[in-house]
Amino acid sequence: MKKIAVSMRNRVFAESIMFMLERTGEFRPVRITAVSPDKLLMECCAAKPEILLLDVTPTTEQTTLSGRMQMIERLQKKQPGCKIVIFCDEIAHPEQAYETMRAKQEGLIDAFFYASVTAEYLTAALEAM
């Protein structure tokens, strides 16, 4: 059973993902606050997840891709085995979706998903990680 931390600003989306992950029986999801990078890092280190699911949004500097990448760099030093997965909205923010895809190509993150991903595909991809 994989422990997955979910840290997203959109609470409804985060809760939906948590519910979906719990329902499969293959994952132990834990909610991590998205308030500040320091708090997120501290909670993630305490939870010790195998996978961290983050969203990227242009609403605050810390949730842009560059803000998330700064936090990810710090996390990888403390928890090198934690895989990083980013969610992005390819319809509302196509530029950010493109940048996220490039981050995956460059090996900076382990995976990315568009917000339109199906639950079946998401759980299968996470299980395969």
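The values are calculated or read from the model by the stated rules, or taken from the named source; none is laboratory data. A quick note: this is a predicted structure, and the numbers were derived from the prediction, not measured. Neighbour counts run over all protein chains shown; Cβ positions are idealised from the backbone, glycine included. The protein model used for the area step is the full one, side chains on, heavy atoms only, and it has no ligands, DNA or RNA in it. Shrake-Rupley method; radii C 1.70, N 1.55, O 1.52, S 1.80 Å.
Here is a check on your reading of the model: is MET69 aliphatic (A, V, I, L, M), out of contact with any strand residue (DSSP E or B) (no Cβ under 8 Å at 6 or more places or on another chain) and either open to solvent by less than 40 Å² (accessible area, probe 1.4 Å) or part of a helix (DSSP H, G or I) (or both)? Give the derivation first.
Numbers: aliphatic (A, V, I, L, M): yes; out of contact with any strand residue (DSSP E or B) (no Cβ under 8 Å at 6 or more places or on another chain): yes; either open to solvent by less than 40 Å² (accessible area, probe 1.4 Å) or part of a helix (DSSP H, G or I) (or both): yes.
When the stated conditions are applied, MET69 passes them.
This table checks each residue for (1) free of Cβ contacts under 8 Å to residues at least 24 places away in the same chain; (2) of a type outside the set (Phe, Trp, Tyr); (3) closer than 25 Å to ILE91 by Cβ.
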| position | (1), (2), (3) |
| --- | --- |
| PHE27 | no, no, no |
| PRO37 | no, yes, no |
| LEU53 | no, yes, yes |
| THR57 | no, yes, yes |
| GLN62 | no, yes, yes |
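Residue pairs whose Cβ atoms lie under 8 Å apart, sitting 6 or more positions apart in sequence or on different chains, and linking a residue in segment 1-21 that is under 21 Å from ALA46 (Cα atoms) to a partner that is open to solvent by 80 Å² or more (accessible area, probe 1.4 Å) and among the β-branched types (Val, Ile, Thr), are ARG9/THR59. For segment 13-29, filtered to residues that are under 18 Å from LYS3 (Cβ atoms) and open to solvent by 30 Å² or more (accessible area, probe 1.4 Å), the residue that is modelled with the lowest pLDDT is GLY25. For segment 19-32, the criterion of being of a type in the set (Phe, Trp, Tyr) and in a helix (DSSP H, G or I) is met by at least one residue. Tally the residues that are crowded, with 17+ Cβ neighbours inside 10 Å and not in a helix (DSSP H, G or I), restricting the search to segment 41-62. Residues in segment 41-62 being crowded, with 17+ Cβ neighbours inside 10 Å and not in a helix (DSSP H, G or I): 9 in total. Of all residues in segment 89-109, one or more are modelled with pLDDT of 95 or more, exposed (fewer than 15 other Cβ atoms within 10 Å of the Cβ) and among the small types (Gly, Ala, Ser).
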